[in-house]
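The values are calculated or read from the model by the stated rules, or taken from the named source; none is laboratory data. Here the structure is a predicted model, which is why all the values come from computation and not from measurement. Please note: Cβ atoms are built from the backbone with ideal geometry, for glycine as well, and neighbour counts cover all protein chains shown. Areas reflect the complete protein model, heavy atoms only, side chains present, ligands, DNA and RNA absent. Shrake-Rupley method; radii C 1.70, N 1.55, O 1.52, S 1.80 Å.
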Amino acid sequence: MDYIKTSKFLALILRHKPEKIGITLHEHGWADVDELIEKTIQSGRELDKESLEYIVRTNDKKRYAFNEDHTKIRASQGHTIPVDVKLKDTIPPDSLYHGMKVDYLPLIMECGLLKMKRLCVHLSNDIGTAIKVGQRHGNPVVLLVDSGRMYKDGYRFYLSANDAWLTDHVPAEHLSKIE
């Protein structure tokens, strides 16, 4: 089994298109593990419980989480479909980071960071992670987010199970480019 390919397929199903294999996610993003495996196999892909456990356990970005008895699974964040993964409002560190393609810099410095098709804007704790995120889209640039000031100004932040910081919007005045 190609675990990387299977993990990417799971991201598609659990974050964006569960209907692709005919499953429905619970309002909090949970999918039934047995149904997910059954429908994945029916779609012509290979998957069993042991492989699913391995993917969740070894995913370097901790993209997925099981419930306590491992009968349900969900993506930790990154959804484009309306789910509420029940994250708590959390006080952020003073600074967070956002990695992106350099081509978008002028527009973002004018309009700020918008969630676009996702449910939230995703931010990182460290520059290294932000660089990796930005590299997925080409030549990266990293923005410093004044999250401490944003929080004091009334913006809400959430910390996902895989340590991604989430918020609804980052206004341009809270951004600066890291050289």
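Just a few scattered comments:
- Per-pair calculated FRET efficiency, R0 = 41 Å: ASP2 and ILE91 via Cβ, rounded to 0.05: 0.50
- In the range 78-133, trypsin sites (Lys or Arg not before Pro) in a DSSP loop with at most 11 other beta-carbon atoms within 10 Å: LYS86, LYS88, LYS117
- Spatially proximal aspartates and glutamates relative to LYS5 (Cα-Cα < 17 Å; intrachain offsets below 8 disregarded): GLU46, ASP48, GLU50, GLU53, ASP60
- Expressed as a whole percent, the accessible surface of the range 16-173 that belongs to carbon and sulfur atoms is 50, based on a 1.4 Å probe.
- Between LEU144, LEU14, LEU123, the Gaussian network model of the chain with springs among Cα atoms under 10 angstrom shows the greatest mean-square fluctuation at LEU144.
- In straight-distance terms, cross-link reach from LYS20 covers every one of the aspartates and glutamates whose alpha-carbon lies under 14 Å from its own, apart from those fewer than eight places away in the same chain; here that gives GLU35, GLU38.
- Note on semi-axes √(5λ) of the Cα gyration tensor in Å: of the candidates [x] 32, 17, 14; [y] 56, 18, 10; [z] 25, 21, 17, the value calculated from this structure sits at [x].
- Label-point separation, ARG45 to ASP103 (7 Å along Cα→Cβ), nm: 2.7 nm
- Relative to one another, the C-alpha centroids of the range 90-149 and the range 40-87 are positioned 25 Å apart.
- A crude spin-label estimate for the pair CYS111 and HIS26, with each label 7 Å from Cα along the Cβ direction, gives 3.6 nm.
- A cut-off under 15 angstrom between Cβ atoms defines the neighbours of LYS152, and their net charge, with Lys, Arg +1 and Asp, Glu -1, is -3.
- Taking max minus min of the alpha-carbon positions on each principal axis, the range 1-103 gives extents of 46, 30, 24 Å, largest first.
- The chain: calculated mean residue ellipticity at 222 nm from DSSP helix runs of at least 4, using -39500 (n - 2.57): -8000 deg cm²/dmol
- Cα-based Lys proximity count in the range 34-179, under 14 Å, for pairs eight or more positions apart or on separate chains: 5
- Per residue, the accessible area of the chain comes to 57 Å² when a 1.4 Å probe rolls over the protein heavy atoms.
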